[in-house]
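Let me begin by presenting the structure, written as structure tokens, before commenting on it.
The values are calculated or read from the model by the stated rules, or taken from the named source; none is laboratory data. Since this is a predicted model, take the numbers as computed values, not measurements. Virtual Cβ from ideal backbone geometry, glycine too; neighbours counted across all protein chains shown. Ligands, DNA and RNA are excluded from the accessible area calculation, which covers all protein heavy atoms including side chains. Shrake-Rupley method; radii C 1.70, N 1.55, O 1.52, S 1.80 Å.
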Amino acid sequence: MKKFVTAAVVLLGTSIAGILTWRKVESDRIRNDLWSEAERVSAEQDASAAKQAQPTSAARG
């Protein structure tokens, strides 16, 4: 009976560790995807702002 309990505890512990590891990996992947998307949007906004700033400074000059 002791071996059965030990095996059950090891199996349960391994399962929990696997699930927590999987959740961490998925969380990191999602965070990296969101970060990449934010950088892309920021670059697009910077480019758009630069295009809008050029004609007004050229017209004044």
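Observations on the structure shown:
- Among the residues of this structure, GLU26 does not count as one that is out of contact with any strand residue (DSSP E or B) (no Cβ under 9 Å at 6 or more places or on another chain), open to solvent by 90 Å² or more (accessible area, probe 1.4 Å) and at pLDDT 90 or above.
- Those residues of segment 1-16 which are of a type in the set (A, V, I, L, M, F, W, C) and surrounded by 10 or more Cβ atoms within 10 Å (Cβ to Cβ), in sequence order: ALA7, ALA8, VAL9, VAL10, LEU11, LEU12, ILE16
- Cβ separations smaller than 9 Å between residues 6+ apart or across chains give no pair from segment 39-52 residues that are touching a residue at least 40 places away in the same chain (Cβ under 8 Å) and part of a helix (DSSP H, G or I) to residues that are open to solvent by less than 50 Å² (accessible area, probe 1.4 Å) and among the basic types (Lys, Arg).
- Residue in segment 41-52 that is out of contact with any Pro (no Cβ under 6 Å at 6 or more places or on another chain), modelled with pLDDT of 95 or more and of a type in the set (Gly, Ala, Ser) present: no
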